[in-house]
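Structure first, then comments.
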Amino acid sequence: MSEIISIANQKGGVGKTTTAVNLAASLAEKGKKVLLLDIDPQSNATTSLGFSRGDYEFNIYHVLIGSKKLSEVVLKTAIENLSLAPSNIGLVGIEKEFYNPNKKNRELVLKAKLKEVSSQYDFIIIDSPPALGPITINALSASDSVIIPIQCEFFALEGLAQLLNTVSLLKKTINPKLKIKGFLPTMYSGQNNLSKQVLADLSHHFKDKLFHVRKGKECIVVPRNVKIAEAPSFGKPVTNYATSSKGSLAYRDLATVIVRG
Ligand code: ATP
Ligand code: MG
């Protein structure tokens, strides 16, 4: 059975896709069989791995509406051990479908679809959209845990209480095994006092939920790094595009902690 991890935060532009793509690639680099599942209609994870619309006919939308099996939409990527379930803007249509109150178990559609492929992968990493709507609820309901990227900027913790409430509600109801794997500070800039303040706040409130490669060592922080921002335009994870950049090292460290369990 695979370990299923959602990357979620309803705040936009905090580094969800970057984290999903680079964590998935770093796990694959360690020899783990990984499926990156793009469940955001923006399809940024799909594009980040070098796929454009004409490259694939079917996507996760077709899986969720039941016209394709998940295994039928999965694409091989240029990275060994890394497969992708692509998304497409058409996925916005699923929201309507999922909002239909007559649809039974609408929070559990994705979970049911993942069962078919679960034995084929060590990890399934889900990139979710910037909303706490039915798509993200489906992702969280299907997951063992969630990683929450926190952008080290002003308003970083805004909306976090709502996300944490949602996680705890799901835990009490339809997904008792759901855990918060941890918070990942992203786009950290050492010269910026705001960055330092956000990290200090996170350490104060969620000390046990930050990622540590070694006990006693500072927590994993993804630095603001131009290579990370450039990599998607080359259709590559940063771990391939600039393999020894600071951004790559941070995501490899995260993968080390995730593999350790
Ligand atoms: P959305 O909510 O729209 O899905 P997101 O949370 O997935 O956004 P990303 O797309 O990962 O966020 O990142 C937002 C932007 O910031 C992107 O242009 C990305 O390349 C850039 N970015 C992310 N992390 C870093 C970083 N550590 N250093 C520099 N740029 C970064
Ligand atoms: Mg995204």
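The values are calculated or read from the model by the stated rules, or taken from the named source; none is laboratory data. Remember, predicted model here, so these are calculated numbers, not experimental data. In this analysis, Cβ positions are derived from the backbone assuming ideal geometry, glycine residues included, and neighbour counts consider all displayed protein chains. All accessible areas refer to the heavy atoms of the entire protein, side chains included, with ligands and DNA or RNA removed. Shrake-Rupley method; radii C 1.70, N 1.55, O 1.52, S 1.80 Å.
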Original post:
If you take the residues of region 2-32 that are under 17 Å from A250 (Cβ atoms) and among the small types (G, A, S), which of them is surrounded by the most Cβ atoms within 10 Å (Cβ to Cβ)?
Top reply: A24
**OP:** Looking only at region 153-164, count how many residues are of a type outside the set (D, E) and open to solvent by 50 Å² or more (accessible area, probe 1.4 Å).
**Re:** 5
Original post:
Applying the selection to region 143-164, what residues are within 24 Å of P101 (Cβ to Cβ) and assigned to a loop (DSSP other than H, G, I, E, B)?
Top reply: S143
**OP:** Report yes if L140 is at pLDDT 95 or above, within 13 Å of the chain's Cα centre (by Cα) and part of a helix (DSSP H, G or I), otherwise no.
**Re:** yes
**OP:** Would you mind telling me which numbered condition in (1) open to solvent by 60 Å² or more (accessible area, probe 1.4 Å); (2) modelled with pLDDT of 95 or more I150 fails?
**Re:** (1)
Subject >> Total residues in region 115-137, condition open to solvent by 10 Å² or more (accessible area, probe 1.4 Å), more than 13 Å from the chain's Cα centre (by Cα) and either within 22 Å of K69 (Cβ to Cβ) or not aliphatic (A, V, I, L, M) (or both) >> reply: 8
Subject >> Among the residues listed as K33, K103, K11, the single one being basic (K, R) and within 16 Å of ligand 1 (Cβ to nearest atom) >> reply: K11
